[in-house]
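Worksheet: one structure, shown below.
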Amino acid sequence: MATKVLDSWALLAYFEDEPAAEEVEKLLSKAEAESHKLLLSVVNWGEIYYNTMRKTSLENAELIAKEIEGMRIDIVPVESDLKLVRQAAIYKARGELAYADAFAAALAKIRNCELVTGDHDFKAVESEIKIGWLR
């Protein structure tokens, strides 16, 4: 079973019904059917939460948090994973990515799986990790 890491960009596109929403919905359906496994860093979960809260409301952020909870997405903690945090810090220190994005890239690199995003900032690490580009 293939494993894919979702960047917050992908889920925000889904929740905000942007053009990439249909592609993300297909990924979510495949995860539901257990065709592949989806991962999301807890840092990226937080990014989705604060972006939703800032754009709309705390209530909407809570609704989306509940919806993510019901999805077949494994939320990956960082509290004791120093390897993950170290790799994210390296990406951030090199000035290539925002801190939350660095966690998505680090998770994909450490787990040796594809990162799914439409955020072109990830072009900076495209030579190090496989990226499934959303449009």
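The values are calculated or read from the model by the stated rules, or taken from the named source; none is laboratory data. All of these numbers come straight from a predicted model, not from anything done at the bench. Note: ideal-geometry Cβ built from the backbone for every residue, glycine included; neighbour counts use all protein chains shown.
Let me spell it out: the conditions are (1) at pLDDT 95 or above; (2) surrounded by 12 or more Cβ atoms within 10 Å (Cβ to Cβ), and K66 meets all of them except one. Which number is the exception?
Answer for K66: the failing condition is (2).
Of all residues being closer than 19 Å to E23 by Cβ and of a type in the set (A, V, I, L, M, F, W, C) in the stretch 72-107, which is surrounded by the most Cβ atoms within 10 Å (Cβ to Cβ)? Just the residue, please.
Top of the filtered list is A104.
When the residues of the stretch 7-26 are narrowed to those that are in a helix (DSSP H, G or I) and crowded, with 21+ Cβ neighbours inside 10 Å, which ends up nearest to the chain's Cα centre (by Cα)? Walk me through how you get there before you give the answer.
The first filter runs over the stretch 7-26 and keeps only residues in a helix (DSSP H, G or I), leaving 8-15, 21-26.
Checking the rest, the ones that are also crowded, with 21+ Cβ neighbours inside 10 Å come to 8-14, 24.
Working: S8: 4, W9: 7, A10: 7, L11: 7, L12: 9, A13: 11, Y14: 12, V24: 11 Å.
Out of the qualifying residues, it is S8.
Checking A65 against (1) in a helix (DSSP H, G or I); (2) touching a helix residue (DSSP H, G or I) at 6+ places or on another chain (Cβ under 8 Å); (3) under 21 Å from H120 (Cα atoms), which single condition isn't satisfied?
Just one mismatch for A65, condition (3).
Could you list, in sequence order, the residues of the stretch 28-57 that are within 18 Å of A108 (Cβ to Cβ), outside any helix (DSSP H, G or I) and at pLDDT 95 or above?
K37, L38, L39, L40, S41
Out of the residues in the stretch 27-58 that are more than 16 Å from the chain's Cα centre (by Cα) and among the aliphatic types (A, V, I, L, M), which is surrounded by the fewest Cβ atoms within 10 Å (Cβ to Cβ)?
A33
With respect to I129, is the statement that it is farther than 17 Å from Y14 by Cα, outside any strand (DSSP E or B) and in contact with a strand residue (DSSP E or B) (Cβ under 6 Å, 6 or more places away or on another chain) true?
Judged against the criteria, I129 is a match.
Could you tell me whether N60 is at negative phi, in contact with a Leu (Cβ under 8 Å, 6 or more places away or on another chain), part of a helix (DSSP H, G or I) and among the polar types (S, T, N, Q)? Can you show your working first?
Values: at negative phi: yes; in contact with a Leu (Cβ under 8 Å, 6 or more places away or on another chain): no; part of a helix (DSSP H, G or I): yes; among the polar types (S, T, N, Q): yes.
Here the answer is no, as N60 does not meet what is asked.
Checking the structure you have, find out if any residue of the stretch 77-98 is among the acidic types (D, E), outside any strand (DSSP E or B) and at pLDDT 95 or above.
Residues of the stretch 77-98 among the acidic types (D, E): 79, 81, 96.
Pick out the ones that are also outside any strand (DSSP E or B) and you get 79, 81, 96.
Subsequent filtering for residues that are at pLDDT 95 or above retains none.
Looking for residues that are among the acidic types (D, E), outside any strand (DSSP E or B) and at pLDDT 95 or above, one finds none in the stretch 77-98, hence no.
Of all residues in the stretch 108-132 being touching a Leu at 6+ places or on another chain (Cβ under 6 Å) and closer than 16 Å to W45 by Cβ, which is surrounded by the most Cβ atoms within 10 Å (Cβ to Cβ)?
A108
Show the residue pairs meeting these rules: Cβ distance below 7 Å; 6+ apart or different chains; first residue within the stretch 83-94 and over 15 Å from A124 (Cα atoms); second residue part of a helix (DSSP H, G or I) and at pLDDT 95 or above.
From residues that are over 15 Å from A124 (Cα atoms), the pairs are K83/I110; L84/A106; L84/L107; L84/I110.
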